[in-house]
1. Run down G319, G338, G377 and say which single residue is touching a residue at least 40 places away in the same chain (Cβ under 8 Å), assigned to a strand (DSSP E or B) and not acidic (D, E).
2. Just give me the residues in the range 83-119 being of a type in the set (G, A, S) and surrounded by fewer than 24 Cβ atoms within 10 Å (Cβ to Cβ), in sequence order.
3. Consider F184 against the criteria (1) of a type in the set (A, V, I, L, M, F, W, C); (2) closer than 30 Å to N550 by Cα; (3) open to solvent by less than 10 Å² (accessible area, probe 1.4 Å): it satisfies all of them except one. Which criterion is unmet?
4. Scan the range 399-415 and tell me whether some residue there is in a loop (DSSP other than H, G, I, E, B), of a type in the set (A, V, I, L, M, F, W, C) and either open to solvent by 30 Å² or more (accessible area, probe 1.4 Å) or closer than 30 Å to I598 by Cα (or both).
5. Determine which single condition M225 fails, assuming it passes every other condition in (1) crowded, with 17+ Cβ neighbours inside 10 Å; (2) within 21 Å of G105 (Cα to Cα); (3) at pLDDT below 95.
6. Output the number of the condition that A177 fails; it satisfies all remaining conditions of (1) open to solvent by 20 Å² or more (accessible area, probe 1.4 Å); (2) small (G, A, S); (3) touching an Asp or Glu at 6+ places or on another chain (Cβ under 6 Å).
7. L368: open to solvent by less than 20 Å² (accessible area, probe 1.4 Å) and touching a Phe, Trp or Tyr at 6+ places or on another chain (Cβ under 7 Å), yes or no?
8. Looking only at the range 322-334, decide whether some residue is open to solvent by less than 10 Å² (accessible area, probe 1.4 Å) and either in a helix (DSSP H, G or I) or closer than 30 Å to P271 by Cβ (or both).
Amino acid sequence: MKKILFFVLVSFAAIAQNDFVKQNYTKYEYKIPMRDGTKLHTAVYVPNNASETIKYPIMMQRTCYSVAPYGEGKYPTRLGPSSFLMKDKYIFVYQDVRGRWMSEGTWTNMTPNNPGNEASTPVDESSDTYDTIEWLLNNVKYNTGKVGQWGISYPGFYTVAGAVDAHPALKASSPQAPVSDFFFDDFHHNGAFIQAYIFTFPVFGVQHSSPTTQAWYQMINISDMKDGYQFQLDLGPLKNANKYYKDNFYWQETVEHPNYDSFWQKRSILPHLKNVKHAVMTVGGWFDAEDLYGPLNVYKKIEKNNPGTYNTLVMGPFGHGRWSAETGHTMHSNVYFGDSIATFYQKNIEAQFFTHFLKGPGDGKTGLPDAYLFDTGNKEWKQFDKWPSASAQKLTFYLNSDGKLAQTKSAKVTASTYISDPKKPVPYSEDLTSMANFTPFAYMSEDQRFAARRPDVLVFETDVLTDDITLGGEIFAKLKVSTTGSDADWIVKLIDVYPANEPNHPYMPDKKMLMANYHQMVRSEVLRGRFRNSFEKPEATVPNKVTDINFQLQDVLHTFKKGHKIQIQVQSTWFPLIDRNPQKFVPNIFKADEADFIKATHKVYSDSKIEVEVLK
């Protein structure tokens, strides 16, 4: 569990000393004062050969996950986002954000942004970044006056926040898998609570009384748990989690704010991505189960609001943060994408970006495209002048009631029907042990045959493709539905069905798995029905009334090959990835009783459609 939590730190918390780091860098620790007097613990690693004639740019990461090892004589195993940049040498800076680990202050999740960075502006992550940079420029010798920032996951949020009202010395930012809005990423998807995150709340919902080098929060003991699905089902309604988290402030905030009210709205960094002047390279993984919404929307917001700013999007065939460490054979779940893809990214994309803006001319002529994206079907990198591509063509697939996924709508509107029982919810994975992990990881490309064979999952499928078809861009589900209940979740999954003669590859992690007829999930998303018209003001569904359910799945770049089929699955439970909807409208599902959970009959009508973008 702990190694999953700290993976996003790329092993910076490890205390094992690395010869290269210790032999080539000198470590300093500082308590840097912010404008309100709060002091933030900061570790600085300066190349040993730095001098008046050999100066280095600063590369900084701000984190809530600890900048351990603590102590000026203790060194991490690696510095920077990659070994390439570490060996090229920068002044590397790591900082505990306020209220975390060795820093003073009070911890706040997704600190609300206060526009502007004047001396009188209330503190936030933007001002803390600004004040830190100003102090470093004036107090760390042999810097060039240029600063870069990067971070993965929550540190990705701090990178985005630091790019807002940025210090003029900040020349390059790379938010990677950045959290941008907890109501649409990480803890929620379109208002549905991500119950698979329930084990994480101690990390984010407990304050510590004073700076510390030791973890001060107590995790739920799940060391003996084998079947995560059953544990979550036995928990019952979410109100029962209070026995673990009655004193956890973040859990209580989540419970008391079930809708997208001002509490969540002011914690979104996306509305503040204006007047960004320095270079930004946003990085994500197509199979990131935690933060897929963040990188796509950070890139798009900067692109829309800041014409002329150097703004690049990179999306690879990775799970959460996996581009930061080479694995050799690049896998996600059972799917093999090629070899040394992380190294290619680190050397030819990431290092090229930072080197150009921090050590090179910085004129934007990096040789990199506006979007450097991996086609997860053809298994190759593609370059685009913009994203979504201007050459993309719209295509509509209809969910015909005969189970066909067709480009023509049925002459007569009919319905596909299923019964959804929240007491017997559809699992999101067949891997029950993975459901006991700290967060989900592999399901984003897992085999979906088990779901296709359930009576409470609708399946719509094309004929066998006679030509390749590349879906590249945005996807929208526009469903016409009805239910006998007064609320429901609507889950749409886009699936690549492999041919019956597909061979297994040499690196199969599950030797019993067959790639023949593999149902690879390519993209998936949920909309909680109560939020169909407004995330701020939920509404009950009128029983048996045909209702529009419209929502966006996250972007995709995937070639469905000749001989494969395109499949859409529709269901209403996805457990315990998301919490169970009672299917009877209640004001707050976090406070629902067991008796509120009812069976309901759902219908999906044949004029429902999936709108995609196709690249020729």
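1. On the way: G319 fails: assigned to a strand (DSSP E or B); G377 fails: assigned to a strand (DSSP E or B).
Just a single option satisfies the conditions, and that option is G338.
2. Keep residues of the range 83-119 that are of a type in the set (G, A, S), which gives 83, 99, 103, 105, 116, 119.
Residues satisfying the conditions are S83, G99, G105, G116, A119.
3. (3)
4. Applying the first criterion (in a loop (DSSP other than H, G, I, E, B)) to the range 399-415 yields 400-403, 407-414.
Remaining after also requiring of a type in the set (A, V, I, L, M, F, W, C): 411, 413.
This time we only want the ones that are either open to solvent by 30 Å² or more (accessible area, probe 1.4 Å) or closer than 30 Å to I598 by Cα (or both), so: 411, 413.
Yes, the range 399-415 contains a residue that is in a loop (DSSP other than H, G, I, E, B), of a type in the set (A, V, I, L, M, F, W, C) and either open to solvent by 30 Å² or more (accessible area, probe 1.4 Å) or closer than 30 Å to I598 by Cα (or both).
5. M225 satisfies all of (1) crowded, with 17+ Cβ neighbours inside 10 Å; (2) within 21 Å of G105 (Cα to Cα); (3) at pLDDT below 95 except (2).
6. (1)
7. Details: open to solvent by less than 20 Å² (accessible area, probe 1.4 Å): no; touching a Phe, Trp or Tyr at 6+ places or on another chain (Cβ under 7 Å): yes.
Spelling it out, it is not the case that L368 is open to solvent by less than 20 Å² (accessible area, probe 1.4 Å) and touching a Phe, Trp or Tyr at 6+ places or on another chain (Cβ under 7 Å).
8. So the first thing to find is which residues in the range 322-334 are open to solvent by less than 10 Å² (accessible area, probe 1.4 Å), and the list is 323-324, 330, 332.
Next, only the ones that are either in a helix (DSSP H, G or I) or closer than 30 Å to P271 by Cβ (or both) stay: 323-324.
Checked against the condition, which is being open to solvent by less than 10 Å² (accessible area, probe 1.4 Å) and either in a helix (DSSP H, G or I) or closer than 30 Å to P271 by Cβ (or both), the range 322-334 yields at least one hit.
The values are calculated or read from the model by the stated rules, or taken from the named source; none is laboratory data. Computed from a predicted structure; not experimentally measured. Ideal geometry is used to build each Cβ from the backbone, glycine not excepted, and the neighbour counts take in all protein chains shown. Accessible surface areas use protein heavy atoms only, side chains included; no ligands, DNA or RNA. Shrake-Rupley method; radii C 1.70, N 1.55, O 1.52, S 1.80 Å.
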